[in-house]
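Take a look at the structure set out below.
The values are calculated or read from the model by the stated rules, or taken from the named source; none is laboratory data. On a predicted model such as this, the values are computed, not experimentally measured, just so you know. Glycine also receives a Cβ, built like all others from the backbone with ideal geometry; neighbour counts cover every protein chain displayed.
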Amino acid sequence: MRAAAFGVALLLAAPAFAQTVKKPAARPEARAESVKALLDLARSQSSRRAPQAALDSLARARKLAPNSEDVLSAYAQMALAVHAPVPAILALEPLTRMAASVGQYHYLYGVALMQAGDLEAAGEALQKAERLEPSRVLTLIALGLTLNGRKLHAEAKSHLVRGLDLEPDNVEATAALAEAEEGLGEEAAAEAHALRALAREPGHATGNLALGMVRMKQERYAEARDALARAVAADPSSAKGHYQLSLAYARLGDAASAQEQVQLYQRALREVEERVRLIHGQGAPGDGMRP
């Protein structure tokens with residue numbers, strides 16, 4: 001499926017693994033042969049803001065304990081933290097089978113699929129998570145973002161309204177609702193929600209995307225360009241953001257910038273398609289994506 005990759009997914013899947021860190025003892029780099037030692041090392045590395053090093057430690061732990069729920073969960077969350085959705089998916093697939101009743105794992109699986117760009121599969125995983133935990137706001141937001149990406153804006157809106165009923169000040173839900181409303185032609189509501197989100201977080205990718213699209217419809221092209229430029233600065237992987245920005249530049253008569261954004265849009269689509277091929281086992285051997 002052709003779709004934008006959602007950088008915002010990382011916000012929806014901030015690793016709980018790192019949040020469990022207590023005050024670390026002496027750094028265990030010197031001797032890290034056991035699974036427990038590698039988990040401790042990864043926690044220490046994560047707390048020191050070295051997520052790639054933590055992921056490497058967890059990859060070593062996976063080799064020692066490939067079916068450990070704790071290891072798979074920690075590995076998947078850290079992979080998402082470093083924007084590596086394909087390795088996260090490869091860890092979460094068995095985890096969702098091993099612990100099918102744990103909504104968090106289906107949620108993380110859906111976020112990983114969304115981050116990779118496979119929105120249809122992401123929606124299926126997130127619906128499972130929502131059935132297991134119906135009032136979890138993060139799941140409702142992720143569902144809304146996924147449905148927006150598939151242009152199912154009415155369905156997205158229903159989930160996002162529920163999320164805002166539970167957390168009225170949630171910036172992610174507010175911005176995603178603005179995008180859904182824009183897609184439904186509800187420009188006044190979309191503008192209000194986008195501005196509300198941006199008042200809290202001026203650089204928010206989805207908020208700026210929604211506002212930019214509203215400004216395009218209002219023929220306020222310079223303002224649309226500025227908002228959309230902020231959107232792609234916050235989420236450079238967004239194919240939708242680059243495409244909309246190309247339209248704004250074209251309306252302003254800046255053909256060179258419009259063409260540059262078209263090229264970035266096409267590159268973002270190719271990257272999504274490559275990730276989806278990897279997810280479905282169609283990547284080339286030795287591609288470096290499998291942990």
Looking at VAL262, VAL232, which one is assigned to a helix (DSSP H, G or I), among the β-branched types (Val, Ile, Thr) and surrounded by fewer than 21 Cβ atoms within 10 Å (Cβ to Cβ)? VAL262
Members of the stretch 270-291 that are at pLDDT 50 or above and of a type outside the set (Gly, Ala, Ser): ARG270, GLU271, VAL272, GLU273, GLU274, ARG275, VAL276, ARG277, LEU278, ILE279, HIS280
Check ALA199, ALA190, ALA256 and return the single one that is farther than 28 Å from PRO85 by Cα and either in contact (Cβ under 8 Å) with a residue 24 or more places away in the chain or not in a helix (DSSP H, G or I) (or both). ALA190
Anything in the stretch 235-259 that is surrounded by fewer than 17 Cβ atoms within 10 Å (Cβ to Cβ), in contact with a helix residue (DSSP H, G or I) (Cβ under 7 Å, 6 or more places away or on another chain) and either hydrophobic (A, V, I, L, M, F, W, C) or on the phi > 0 side of the Ramachandran plot (or both)? List them, or say none. ALA250, LEU252
If GLU181 passes every condition in (1) crowded, with 24+ Cβ neighbours inside 10 Å; (2) closer than 24 Å to MET213 by Cα; (3) within 17 Å of the chain's Cα centre (by Cα); (4) not aliphatic (A, V, I, L, M) but one, which one does it miss? (3)
Consider ALA91 carefully, then state whether it is under 22 Å from GLU274 (Cβ atoms), in contact (Cβ under 8 Å) with a residue 24 or more places away in the chain, buried (at least 23 other Cβ atoms within 10 Å of the Cβ) and not β-branched (Val, Ile, Thr). yes
Within the group LEU138, LEU143, which residue is in a helix (DSSP H, G or I) and either out of contact with any Asp or Glu (no Cβ under 9 Å at 6 or more places or on another chain) or without any contact (Cβ under 8 Å) to a residue 60 or more places away in the chain (or both)? LEU143
For the stretch 105-120, does any single residue satisfy the condition of being out of contact with any helix residue (DSSP H, G or I) (no Cβ under 6 Å at 6 or more places or on another chain), free of Cβ contacts under 8 Å to residues at least 24 places away in the same chain and not β-branched (Val, Ile, Thr)? no
Flag for GLU167 being among the acidic types (Asp, Glu), over 20 Å from SER257 (Cβ atoms), surrounded by fewer than 23 Cβ atoms within 10 Å (Cβ to Cβ) and free of Cβ contacts under 8 Å to residues at least 24 places away in the same chain: no
